[in-house]
Structures are given as structure tokens and as C-alpha cells.
Amino acid sequence: MKLKPNPNLLYLLAIIGVIGTTILIDSLFIDTPKDVLKTQLTSLPAKPALPPIAKPITLAQNLTLPPIPQLNKHTTQQITEHTQQLTQVNEVDDKSQSLEEHNYKRAQAIVTKTQEAEAIGQHLDTMSSLNAEQLTLRFPPSRSATQIILQYMHNCVGIDIGAIKNNSLMRLSDKVSHESQILRLVSGEKTQKEIALLNAYAKGLSMVRIYPHSFDNTFAAHVFNTIGTASLTQLSGEYKLRGQKLSLTNISINQLPIKNDWLLANIQICRA
């Protein structure tokens with residue numbers, strides 16, 4: 001007996017087949033364990049890095065810069081010295097001709113100073129050879145003014161006194177270490193200390209005053225500034241003290257009057 005297929009049954013079987021196929025697919029792909037899925041993802045090749053997109057250049061004021069480093073004293077000194085050295089080298093390179101001219105003028109100045117010193121020394125020698133009429137250095141007519149100047153000379157200039165015995169110098173005090181070759185024969189006012197020393201050690205002898213070499217060298221420098229290298233034949237003047245400044249006034253040199261005074265000493269700290 002031949003069975004006739006039942007359409008409802010066939011439809012039911014088709015539906016069951018579709019459902020089973022769906023379940024099978026889900027079990028194979030959708031329900032993959034998480035660790036297996038993770039392994040699959042990590043095993044994929046890395047995504048290639050894209051080159052950075054160039055940004056437009058901004059103005060300097062929009063940039064964020066680090067703070068300026070603080071220089072310590074030592075570093076600043078090194079920079080300063082280096083800059084000065086470079087400046088000096090550049091000046092030599094750029095102005096070599098001017099530098100040579102400067103060195104020449106400097107050498108000429110040295111020669112001039114040497115000649116000046118020689119001329120001053122010659123004037124000093126001439127002063128020591130002039131007689132009493134040719135070289136006259138006077139004190140003021142006032143006795144009190146003379147005493148004040150003598151005290152200044154002893155305490156500030158630092159002069160000594162001596163006596164001439166048998167055509168030789170006998171020193172009665174010893175303050176001057178480098179004395180002048182010009183001895184002043186004393187014929188007028190004396191201080192009490194000078195009189196006491198003379199009476200004690202050289203009574204009846206001619207008294208002289210001994211001045212430092214630097215003091216008389218100042219005299220000779222004034223002579224040079226006045227007459228240059230011309231010969232000195234006559235010099236006279238009078239001492240004047242104003243405050244702590246000792247000068248020579250009423251000057252006559254080579255029989256010609258000099259208007260200006262000569263400053264001989266300006267000593268602020270003196271012996272008691």
C-alpha cells in the first residue's frame with residue numbers, strides 16, 4: 001500500500017531542519033569562548049602607524065619655552081672674560097696700524113720722560129753747586145710764621161739738622177733716610193729743639209738743615225717746568241704755608257720774576 005505524503009508533516013520537518021541548522025551555526029561561531037576570541041584578536045597583525053600630520057608653524061610668542069637658566073657668578077665671570085678677550089683680539093686685528101702708531105707714541109713718551117728725569121737731575125746738581133747769592137730760600141719776615149713753617153718742615157716734611165765740623169757733616173738727628181745733596185746753612189731763626197741739639201753736641205759750629213731728596217727733587221721739577229733744559233743760574237723765593245700746603249712764592253729764576261707759586265709739599269699726616 002503506497003503512503004501519501006502528509007504536507008503538514010513535511011512542513012514541520014523543514015522547520016525542524018532550519019532550526020537545527022541555525023543552532024549548529026551558533027555553536028560554531030557565535031558561542032566561541034572569550035579566551036579563544038582574544039587569542040584570535042591578538043594574533044592579528046598590528047595596524048600600521050600613520051605618519052603625523054604636519055601642523056602649520058606658529059609664531060614665537062605662541063610657543064611655550066623653558067625658563068631662562070640662571071647664571072651663577074663663576075659662569076658670568078667666564079663669559080665676561082671671554083667677551084673681553086675677543087674684543088681685544090678684534091681691536092688688534094682691525095686696528096693694527098693704529099696700534100703700531102700708539103706703540104710708537106708710547107715709546108716716544110717714555111723717551112721724553114727719561115729725558116725729563118735727566119734734566120731734573122741736572123737742575124738738582126746745579127742747585128747744589130750754586131752759592132748763597134745765587135740760591136736764596138727765605139723764610140717770612142714774621143718770626144711766628146717762620147716758627148710754624150719750621151715745625152711743619154720738621155714734623156711733616158721730615159728734615160734733619162747737622163753741623164759742619166772740619167769740613168765734614170755731623171748729623172744731630174736722623175729722620176731722613178735719603179737726604180738731598182743740598183745743605184742749607186742756617187743763619188737766622190731756629191727752633192728750640194734745634195738750639196738744644198746744637199748746644200749739646202755742636203756748640204760753636206755752623207748749623208745746617210738736611211732735607212729729603214724728594215723735597216729738593218720737587219724744586220728741580222719746578223725749575224724744569226719753568227725753563228726746560230736751559231741752564232739754571234739763579235733761584236730765589238720765600239716759603240709760604242697755607243694750611244698743610246707749603247709753597248714757594250715771590251720766585252725769581254735766572255733773574256726773571258715768576259708769577260705763579262710752586263707747591264713744594266701737601267702733607268696731611270704729620271709727626272707730633
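Before moving on, here are some points about what is shown:
- Taking residues in region 134-158 that are farther than 17 Å from residue 187 by Cα, and partners anywhere that are part of a helix (DSSP H, G or I), the pairs with Cβ atoms closer than 7 Å and at least 6 places apart or on different chains are 157/215.
- Among residues of region 156-175, those that are open to solvent by 40 Å² or more (accessible area, probe 1.4 Å) and either assigned to a helix (DSSP H, G or I) or under 22 Å from residue 264 (Cα atoms) (or both), counted: 2
- Among residues of region 228-265, those that are modelled with pLDDT of 95 or more, open to solvent by less than 40 Å² (accessible area, probe 1.4 Å), out of contact with any Leu (no Cβ under 7 Å at 6 or more places or on another chain) and under 20 Å from residue 117 (Cβ atoms), counted: 1
- Selection over region 178-205 of residues that are within 22 Å of residue 146 (Cα to Cα), open to solvent by 90 Å² or more (accessible area, probe 1.4 Å) and among the charged types (D, E, K, R) gives a count of 1.
- Identity of the residue in region 108-141, assigned to a loop (DSSP other than H, G, I, E, B) and open to solvent by 50 Å² or more (accessible area, probe 1.4 Å), that ends up nearest to residue 254 (Cα to Cα): 134
The values are calculated or read from the model by the stated rules, or taken from the named source; none is laboratory data. Since we're looking at a predicted model, the values are computed, not measured. So basically every Cβ, Gly included, is an ideal-geometry build from the backbone, and we count neighbours across all protein chains shown. Accessible surface areas use protein heavy atoms only, side chains included; no ligands, DNA or RNA. Shrake-Rupley method; radii C 1.70, N 1.55, O 1.52, S 1.80 Å.
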